[in-house]
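In what follows, a structure is listed as structure tokens, so that the remarks can point back to it.
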Amino acid sequence: MIINELKLDRFRNLADATLLFSERGNLLIGDNGQGKTNLLEAVYYLTLLKSFRTNLDNECIRFGESYFSLRGAWTEESGRRESASVGYDGRRKKVVLAGEEKKKVSEAFGVFKSVILTPEDIGIVQGGPAGRRRYLDIVLSISSPLYLERLKRYKKGLATRNFLLRRPQATDALISPWEEEMAESGAFIICERLSYVRRVAAGYGELFARLSAGERAELAYRSELAGGREQPAGNEADRQRIREAFLERLRTGRQTDRERGATLAGPQTDELVFKLEGRPLRNYGSQGQQRTAVICLKMVEAGQIDLAGSVRPVLLLDDIFSELDRSRSARLLEELVEKHQSFITAPRKEPFFERLGHLPVKTIEGGVVRDG
């Protein structure tokens, strides 16, 4: 997948413009605070249809303005040209895909495939399990509209059950139907997460070893409802078994959950596990090792998008080389940029960027993007 152009209108500090991109991508050079990350955010907005930095779309509107809009045009692997636009006026978000306005924003979610890697992504490893679950949910929702729909249904069931648990007058008969929905959707979510982690785990470990000169890294998914094992099969038999175990746990644990005012079992309690040499990476890994783990996670994500739909996603790399040593940076460039259209931000051109060949440079100053 190749993004050919991006039209910016009142988005953050970026000057209104229609930008044309190289088929290989671009180096985006500029000092901090000039708009490099804002430009990557605009491109990734076409994938998530929201910002990866904030839940408040108002923050994406340029100061003093009342709306923003973005329009992207790209070429798919088949050679077909596609386009999408999204606009927000402070009240309503409008999404147009291939010239047709969508009734639901989710109908265009993930149609444009891109993967972003930022310095803040180290929080996936360093932060709490909720951030790791959220990462999996985004990856799987981009690849599967069914996963996104099941995730919405599960969250609605979970919120409703928790609400009812805190109401003494809510009867078991009122709560039970929501538990049925939660068990069905929850088992689907757990198995899809298990299946995804199983598919990428080997590649993750191999890539980590290449980038780190042989260190042994592991990636696994742990679910209490799957028996506490890390990474069971995640197939249909597992799904039915997990569904039954989850439903039984919801029923037998209802009184305890009433006392706590929350549901204590389900995919919202599971964990994506990172290990290095058999020990928890979060506790025993250096910052460099943790950052390498996140890079590998995003790289296998890009590979899975390619395998799942024969689509090579656009790569958005935001100032990720500033905290990597040169040899690791060089190996990373070799792994990534040869396969994908890539946009790489940096405050200056580094010597190892020569490995990129003649990747065209765009400079960004005060929100203005220029060639060269």
Looking at TYR154, TYR135 in this structure, which one is modelled with pLDDT of 95 or more and under 28 Å from GLN255 (Cα atoms)? TYR154
Only one residue in TYR67, TYR88 is touching a helix residue (DSSP H, G or I) at 6+ places or on another chain (Cβ under 9 Å) and among the aromatic types (Phe, Trp, Tyr), so which one is that? TYR88
Can you confirm whether segment 95-106 contains a residue that is closer than 28 Å to LEU297 by Cβ, surrounded by fewer than 15 Cβ atoms within 10 Å (Cβ to Cβ), of a type in the set (A, V, I, L, M, F, W, C) and at pLDDT below 95? yes
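Listed here are the residues, each with its yes/no results for (1) assigned to a loop (DSSP other than H, G, I, E, B); (2) farther than 21 Å from GLY366 by Cα; (3) open to solvent by 30 Å² or more (accessible area, probe 1.4 Å).
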| position | (1), (2), (3) |
| --- | --- |
| ILE3 | no, yes, no |
| GLY33 | yes, no, yes |
| LEU39 | no, no, no |
| ALA42 | no, no, no |
| LEU46 | no, yes, no |
| PHE52 | yes, yes, yes |
| SER69 | no, no, yes |
| GLY72 | no, yes, no |
| SER78 | yes, yes, yes |
Cβ pairs under 8 Å, 6+ apart or interchain, first in segment 145-157 and open to solvent by 100 Å² or more (accessible area, probe 1.4 Å), second polar (S, T, N, Q) and in a helix (DSSP H, G or I), ordered by first then second residue, are PRO145/SER106
Surrounded by 14 or more Cβ atoms within 10 Å (Cβ to Cβ) and outside any helix (DSSP H, G or I): does that describe ALA245? no
Might you check whether a residue that is surrounded by 14 or more Cβ atoms within 10 Å (Cβ to Cβ), in a helix (DSSP H, G or I) and of a type in the set (Ser, Thr, Tyr) occurs anywhere in segment 129-140? yes
Could you look through segment 5-31, keep only residues that are open to solvent by 20 Å² or more (accessible area, probe 1.4 Å) and polar (S, T, N, Q), and pick out the one that is nearest to LEU316 (Cα to Cα)? SER22
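The values are calculated or read from the model by the stated rules, or taken from the named source; none is laboratory data. Remember, it's a predicted structure, so these values are computed and weren't measured experimentally. When we count neighbours, we look across all protein chains shown, and the Cβ atoms used for this are built from the backbone with ideal geometry, even at glycine. Calculation scope for accessible area: heavy atoms of the full protein, side chains included, ligands and nucleic acids excluded. Shrake-Rupley method; radii C 1.70, N 1.55, O 1.52, S 1.80 Å.
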